[in-house]
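The values are calculated or read from the model by the stated rules, or taken from the named source; none is laboratory data. Predicted model, so just to flag it, every value in this text is computed and none were measured. Here Cβ is always computed from backbone atoms with ideal geometry, including for glycine, and neighbour counts include all displayed protein chains. SASA here: full protein model, heavy atoms, side chains in, ligands and nucleic acids out. Shrake-Rupley method; radii C 1.70, N 1.55, O 1.52, S 1.80 Å.
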Amino acid sequence: MTNNRSTTMRHAPVTVVGLGPMGLALAGTLADRGHATTVWNRTPGKAGSLVAKGVHRAETVAEAVAASPVTIMCLKDYATMYEVFDPAGDALKDRVLVNLNSGTPQEARAAVAWAAGRGLSYLDGAIMVPPPLVGHPGAVFLYSGSRDVFDEHRATLASMGDPRYLGAGPELAVLYNTALLEMMYATMNGYLHATALVGSAGVTAVEFAELAAGWFVPTVLNPMIGEDAAGLDEGAYPGDLGTLEMNVNALTHITRTSEEQGVHTEQPRLMREIAARAVAEGYGDNSYLAVFEVFKKAAQAR
Ligand SMILES: NC(=O)c1ccc[n+]([C@@H]2O[C@H](COP(=O)([O-])OP(=O)(O)OC[C@H]3O[C@@H](n4cnc5c(N)ncnc54)[C@H](OP(=O)(O)O)[C@@H]3O)[C@@H](O)[C@H]2O)c1
């Protein structure tokens, strides 16, 4: 009996609203995992490949939401969610909605109030992988807000990826999502600028990449994210192995080298400016990590 119930829970029916590249991957993966899947999309033709493998295409959002105990929503943004779901009116009452689109913390909090006003149980979430990796091992999905919704539908959520519950604050999932994406873009820009810099001397990206990856991950990334994190929490940045002043010199060299080599200079200039501000605030004898003190505050008017 227990086994039957857990099997049922593992393969509970599910609805997916939104069939962009990500919604298609979610619905396809859920169907492949054995969930009876219903979909709705503004442009119905996008469901063609799903219908061919047995997915049900609902005519209306109300019909889609009524078809399953939980509706996974993956639309462009929060504004689109309101545009799509508001016309469903009373059909939303006592249903469960899990929102996987991207947005901002304020938008996530507003969505909770919106859902409560319609009698909807609501969980916010964010997807940390591109569509081809949905359903694969290590595909991280972030959730925050209602613990009850998370626990009750965890088995369905687990069919899409590794579900991580971050806490009761509904904004946590989108906040983590944007923080991780910021880290990705900053790292990519560092790598791309560095590649342009050596490229100015005729070095190919392929030649540089091998050395860059072999150096960056073990020497910079791993120690910084692992060992140094506790120091950030404590506001302790001992500069005995290298001071922020020394790092400002390095950033000055990067800026001047970029000028000499005729590549873009704004990115290194901005990094130098931020580090110089930390020095001006009295952290010159600390390590480079004292730049964290500048990042924690809103920018001052210049
Ligand atoms: N793609 C990725 O790599 C990725 C990765 C992580 C997270 N995400 C997030 O997942 C969400 C969906 O992304 P996506 O890549 O699938 O594509 P998207 O272009 O962000 O969203 C496409 C979906 O939104 C619908 N839509 C847009 N405007 C609409 C409107 N006014 N009324 C009704 N429906 C509307 C589209 O319907 P139509 O088909 O009718 O146009 C389609 O279902 C986004 O928030 C994105 O940030 C995407």
Measure nothing but the geometry: give the 0 to 90° angle between the long axis through the Cα atoms of 21-32 and the longest principal axis through the Cα atoms of the chain, rounded to 10°.
50
Roughly how many Å² is the accessible area per residue of the chain, as a whole number, for a 1.4 Å probe?
55
For the chain, modelled as a Gaussian network with Cα springs under 10 Å, which listed residue fluctuates most, Ile225, Ile127, Ile254?
Ile225
Top to bottom by accessible area (1.4 Å), largest first, where do His35, His11 land?
His11, His35
Expressed to two decimals, the chain has a Cα Rg over Rh, using the Kirkwood radius, of 1.08
What is the Rg over Rh value, at two decimals, for the range 2-168, using alpha-carbon atoms and the Kirkwood definition of Rh?
0.93
For a protection proxy built on the mean count of beta-carbon atoms within 10 angstrom, sort 201-213, 65-77, 82-94 highest first, please.
65-77, 82-94, 201-213
Could you size up the charge dipole of the range 60-145 around its Cα centre, putting +1 on the beta carbon of Lys and Arg and -1 on that of Asp and Glu, and report it in debye to the nearest 20?
140
Dipole check, the range 2-168, charges on Cβ (K,R +1; D,E -1), about Cα centroid: among Ala27, Ala110, Asn99 the Cα furthest to the positive pole belongs to Ala27
Taking a ≥ b ≥ c as the square roots of the eigenvalues of the Cα gyration tensor of the range 61-147, is the shape rounded (a/c under 1.5), prolate (a/b larger than b/c) or oblate?
prolate
Nearest 10 degrees, 0 to 90: helix 172-199 Cα axis against the chain principal axis:
40
How big is the dipole moment of the range 133-273 about its Cα centre under a simple scheme where the beta carbon of each Lys and Arg is +1, that of each Asp and Glu is -1, and everything else is neutral? Debye, nearest 20, please.
300
Dipole of the chain, positive direction: furthest Cα of Gly169, Ser121, Ala230, with charges on the beta-carbon
Ser121
When the accessible area of the chain is split by element with a 1.4 Å probe, what percent falls to carbon and sulfur?
58
Please get the size of the charge dipole for the chain, origin at its Cα centre, with Cβ charges of +1 on Lys and Arg and -1 on Asp and Glu, quoted in debye to the nearest 20.
1140
So, over other residues within a Cβ distance under 12 Å of Leu26, counting Lys, Arg +1 and Asp, Glu -1, the net charge is 0
Cα gyration tensor, the range 163-302 - rounded (a/c under 1.5), prolate or oblate:
oblate
Residue-count net charge about Ala52 - beta-carbon cut-off 14 Å; Lys, Arg +1, Asp, Glu -1
+2
